[in-house]
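Every read-out reported here was derived from the displayed coordinates using simple, explicitly stated rules and does not represent laboratory data. For clarity, every value in this text was computed on a predicted model and none was experimentally measured. All Cβ positions, glycine included, derive from the backbone under ideal geometry; neighbour counts span all protein chains shown.
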Amino acid sequence: MMKYFLLLIALICSSVNCLAEETQIALDHAPIQVNDIASIKRGAKFFATTCMACHTLIYMRYNSLAEEAGVTYDRMPINVKNWPLNVTPPDLSLEADVRGVDWIYTYLHSFYADPSRPTGVNNLLVPNTAMPGIVAALQGQQVFATDMRASRRYFGGHLQWYDELILQSQGALSPQQFDASMTDVVNFLYYSAEPYRAEQNRLGYWVIGFLLILWAMMYYLKKNYWKDIEK
């Protein structure tokens, strides 16, 4: 019994250490706007033309917005079996709910050149990731700063790794344009995880308002029925 207990403790400690290693950098805030349909459409177009070469959204409830952008089953690499490095790219249908939008936004910003990797790039948030640097052409090539110790600082209890990167070359987009493009992609992934989220939120306010009005009506009705008894 003691042997199994020690094994369980070791597994728990291992899991905690893995999580600590994966979250050693501060997550940047993803400035998404859930009601910005134009941003969601731009993100859907980016996903269809760039991300969907490897990733799928097979659990998304399709609607005209996604279909108009080209996010359809017949264009997804669902039946591809032989992936480079023998790593199957994950489906991103629920990635925003599982990881969070800040995690995705930070991940897309955290690629840097690493000649030791088969893809030529690595990622600060997910070390040794198998994902290639598909955003490098837009963002520009990022590498570690020459003096890492001088540039390191703590932010919110985590290492702020963005201070340890320098932009070696200008990409196709300016830093502001790249941020906006990645925001659109994250906004779309957040939308795809639950397409009717905004509609449900609006409906929720109406339901709460109706219940408040009903409560007020019932309260005054009760006061009217019991006014003689209470006297």
Pull out the extension gain between residue 210 and residue 82, defined as 0.36 nm times the separation in residues minus the alpha carbon to alpha carbon distance; nm, one decimal.
40.6 nm
Order of 111, 210, 188 from fewest to most other C-beta atoms within 10 Å?
210, 111, 188
Can you sort 192, 39 by how many other beta carbons sit within 10 Å, fewest first?
39, 192
